[in-house]
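Reading through the structure tokens given below for one structure.
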Amino acid sequence: RVRSAKFTLFFSKEALPFEVRYLTAAEELYFFGNANTFLLSLSTGDDIAALTQLKRLTIGAYGLTELPQSFTALKNLEHLDIGSNNFMSVPEILTPENFPKLRTLIMNANQRHTIYDLSNTVKTDVGGFIEEKEFPKRLLKWKHLDTLILSVNYLHGSLPDFLDDDSV
């Protein structure tokens, strides 16, 4: 019964392998270092949703651009690191209702391309939350989230001060 597994420095153009669903006793999984990450537009796939005992999950530098709805089956997640991927925005499914035990969310360095200034010719498929119209305030309002890392992304606007919001 495998409780923890790490997979690093691999080459895949597909979602997580379907065999992952057989790691039913796993509490921690770590995937990091897919080749040519910045060229990929991948999802985790649905097989990981079978791992309902999972507490710590890292899927970094894989080429993710989305999390499927089935990902919400991971209700026991306490730590989620999906940094160094290609997300254009914070996935809508990342809510306290879907992940009630989540304490750590890491989504740093989600960039396919680097934009140095407005004269840069890269305008689409940039990554780094470029589609977020303002800072994702909902993440700061997540009551039980104690660690949030969003560094090295393109975040629009300023950090909210919540002076007029008594719920924060």
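The values are calculated or read from the model by the stated rules, or taken from the named source; none is laboratory data. Because the structure is a prediction, the values reported are computed rather than measured. Here Cβ is always computed from backbone atoms with ideal geometry, including for glycine, and neighbour counts include all displayed protein chains. Areas reflect the complete protein model, heavy atoms only, side chains present, ligands, DNA and RNA absent. Shrake-Rupley method; radii C 1.70, N 1.55, O 1.52, S 1.80 Å.
Annotations
- With kT/(6 pi eta Rh) evaluated at 20 °C and eta = 1.002 mPa s, and Rh the Kirkwood radius from Cα pairs, the chain diffuses with a coefficient of 129 µm²/s according to Stokes-Einstein.
- For region 157-168, Karplus couplings with θ = phi - 60° (6.51, -1.76, 1.60), whole Hz, Gly/Pro x: x, 9, 5, x, 9, 6, 5, 9, 10, 6, 7, 9
- Exposed-loop-free span, longest in the chain, where GluC sites (Glu not before Pro) count as exposed if DSSP calls them loop and at most 10 other C-beta atoms lie within 10 Å: 1-96
- Full-stretch length increase - E14, I149 - with 0.36 nm per residue and alpha-carbon distance subtracted: 46.0 nm
- Taking the Cα centre of region 1-116 as reference, the dipole from Cβ charges on Lys and Arg (+1) and Asp and Glu (-1) amounts to some 300 debye.
- Antiparallel DSSP beta bridges within the chain, as percent of all bridges there, nearest 5: 5
- In this structure R3 has an accessible area near 130 Å², from a 1.4 Å probe over the protein heavy atoms.
- Positive-end extreme of charge dipole, the chain - chosen from G33, N76, Y22 (charges on Cβ): Y22
- Ellipticity estimate at 222 nm from DSSP helix runs (n ≥ 4, -39,500 (n - 2.57)) divided over the chain, nearest 500: -500 deg cm²/dmol
- Hits among lysines - C-alpha to C-alpha of K55 under 21 Å, sequence gap 8 or more where chains match: K6, K75, K101, K143
- In the context of the full set of protein chains, residues of the chain present 56 Å² of accessible surface per residue (probe radius 1.4 Å, heavy atoms only).
- In the chain, the portion of solvent-accessible area held by carbon and sulfur atoms comes to 52 percent [1.4 Å probe, whole percent, DNA, RNA and ligands not counted].
- Tensor-based shape of region 21-69 (alpha-carbon gyration tensor, a/c under 1.5 rounded, otherwise prolate or oblate): prolate
- Sequence-separation-based contact order of region 1-120, relative, with Cα cut under 8 Å and 6+ spacing, percent: 22
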